[in-house]
Amino acid sequence: MTAAPDLAPTVRQLAAALQQRGWLMATAESCTGGQIAAACTDLAGSSQWFDRGFVTYSNAAKTEMLGVPAALIATHGAVSEAVVRAMAHGAVARSPAQVSVAVSGVAGPSGGSADKPVGTVWLAWCVQGQVHSRVHHFPGDRAAVRAQTTALALQHLVTILQPP
């Protein structure tokens, strides 16, 4: 099992980057079940830059809350680039946020397949309409996969928001 990283420094960097721009953030989470939002709101004063978190664990929730087309989920599966990109876009479209992060994956211990083994997670970030996405294969048990997903989601958003 991988120990959960200390996310406080990353969250402070994220808060500063968002506040400098006057932007708000939203999350769209499946496999992390709200852990990304919780990491953000652990920081006092986060209401100045964190707007809301959508925990869309079921396919129906992804469709109802984020506007992800059911046909997209049926075609590609919930753990896919197409779906996580739609989740990231939906979080911005259905909130006043300019920035979102979305995750969907197979945290385990069951639910994996040959194409999408346990530890497979798709992540997407939407920043002012531009969506970036990537897949990652995390080692470890369910807690480790979720902790690593949360850390990468936040760390990569900080990277995206850094000036060129």
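The values are calculated or read from the model by the stated rules, or taken from the named source; none is laboratory data. From a predicted model like this one, the values you see are computed outputs, not experimental measurements. As a convention, Cβ positions derive from the backbone with ideal geometry for all residues, glycine included, and neighbour counts pool all protein chains shown. Note: accessible area is taken over every heavy atom of the protein model, side chains too, but ligands, DNA and RNA are not part of it. Shrake-Rupley method; radii C 1.70, N 1.55, O 1.52, S 1.80 Å.
Leaving out ligands, DNA and RNA, and with a 1.4 Å probe, what % of the accessible surface on the stretch 1-158 is carbon or sulfur?
53
For Gly108, enumerate residues with amide H under 5 Å from its amide H, sequence gap 5+ or separate chain, H modeled in the peptide plane.
Amide H neighbours of Gly108, under 5 Å, 5+ apart: Gly119.
For Ile160, Ile73, give the ranking by accessible area with the largest first, probe 1.4 Å.
Final ranking, largest accessible area leading: Ile160, Ile73.
From the P(r) of the stretch 1-54, could you give the percentage of C-alpha pairs in the tail past 14 Å?
Result for the distance tail: 52 percent.
Using Stokes-Einstein with the Kirkwood hydrodynamic radius over Cα pairs, what translational diffusion coefficient do you get for the chain at 25 °C and a viscosity of 0.890 mPa s, in µm²/s rounded to a whole number?
Estimated via Stokes-Einstein, D reaches 159 µm²/s.
Would you work out which of Ala147, Val135, Trp23 lies farthest towards the positive end of the dipole of the chain? Charges go on Cβ: Lys and Arg +1, Asp and Glu -1.
So the residue we want is Trp23.
List, in order, the whole-Hz ³J(HN,Hα) value for each residue of the stretch 65-70 obtained from phi through the Karplus relation with A = 6.51, B = -1.76, C = 1.60 and θ = phi - 60°; use x for Gly and Pro.
8, 10, x, 5, x, 4
Please report the antiparallel percentage of DSSP beta bridges with both residues in the chain, rounded to the nearest 5.
60
Mind checking the per residue accessible area of the stretch 46-164 for me, 1.4 Å probe, whole number of Å²?
44
Once you order the gyration tensor axes a ≥ b ≥ c over the Cα atoms, which shape class does the stretch 24-110 get: rounded for a/c under 1.5, otherwise prolate or oblate by comparing a/b with b/c?
Because a/c hits 1.5 or more and a/b fails to exceed b/c, the stretch 24-110 counts as oblate.
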